Amino acid sequence: MGYAHAFDPEDAAAIIDELKHLEGPLLPILHAFQARYGHVSEAAIQLIAGGLNLSRAEVYGVVSFYHDFHEAPHGRHVLKVCRAESCQAAGGDAIAASIEDALGIKFGETSSDGQVTLEAVYCLGLCAASPSAMLDGRLVARLTEAKVSALVEEVRL
């Protein structure tokens, strides 16, 4: 899942220039930055704000509101674990705790080796197959301790 592009202000400015003519250009620009750099850094927020004549707070507010935008690079793997009511009712709290223990990180953190980022999400649409998770875009339903062990092994490769 790694990103090949380090933040380059000239390249970033070109992205802004290419998209700023759109009606409501902020979200397309943020998506382009996320796709290119893997996150939207403070330097990017400042550059976007200047390019669109917005305050830094306005841009930061959008970045922090949408869960798909990240302010720091994520790990090589991203494990999203559903924390919604259906998954909780099906034993998701214990599964979530076992995942945190096995990875040695809490929700919202990235492992020190950069291998995995653990995220809480609030519905993956698999309520009938709870508890569930998503690893690098691949859905995993009916999580058990054995499936947790397999997921943890997979992200450590």
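About its Cα centre, region 9-65 has a charge dipole of approximately 140 debye under the convention of +1 per Lys or Arg Cβ and -1 per Asp or Glu Cβ, with nothing else charged. Computed 3J(HN,Hα) for region 13-24, one whole-Hz value per residue from the Karplus formula 6.51 cos²θ - 1.76 cosθ + 1.60 where θ = phi - 60°, is 4, 5, 4, 4, 4, 5, 10, 5, 6, 5, 6, x, glycine and proline marked x. Take region 77-155, drop everything but the C-alpha atoms, weight them equally and run the Debye formula without solvent; then report log10 I(q)/I(0) at 0.13, 0.21, 0.23, 0.27 Å⁻¹ to two decimals. Each listed q maps to, in turn, -0.31, -0.84, -1.02, -1.42. The phi torsions of region 60-69, fed into the Karplus equation with coefficients 6.51, -1.76 and 1.60 and a -60° offset, translate into couplings of 4, x, 6, 4, 6, 6, 8, 5, 7, 9 Hz, rounded to whole numbers, with Gly and Pro shown as x. With θ taken as phi - 60° and the Karplus curve 6.51 cos²θ - 1.76 cosθ + 1.60 applied, the whole-hertz 3J(HN,Hα) list for region 135-152 is 10, 6, x, 9, 6, 10, 9, 6, 4, 10, 4, 5, 5, 4, 4, 5, 5, 5 Hz, x standing for glycine and proline. Which of Y60, V81, I15 sits closest to the plus end of the dipole of the chain, meaning its Cα is farthest towards the positive end, when Lys and Arg get +1 and Asp and Glu get -1 on the C-beta? The Cα lying farthest towards the positive end belongs to V81.
For the chain, a simple Cβ point-charge model (Lys and Arg +1, Asp and Glu -1, everything else neutral) yields a dipole of about 380 debye relative to the Cα centre. For the chain, the alpha-carbon radius of gyration amounts to 1.18 times the rule-of-thumb value 2.2 N^0.38 Å expected for a compact globular protein. Counting only cysteine Cβ atoms and a cutoff under 4.7 Å, the chain contains unmatched residues C123, C127. A cut-off of 5 Å between modelled amide H atoms, ignoring neighbours fewer than 5 places along the same chain, links Q115 with R76.
All of the numbers you see were taken from the coordinates with simple rules; none came from a lab. Just so it is clear, the model here is predicted, and its values are computed rather than measured. Quick reminder, even Gly has a Cβ in these numbers, built from the backbone with ideal geometry, and neighbours come from all protein chains shown.
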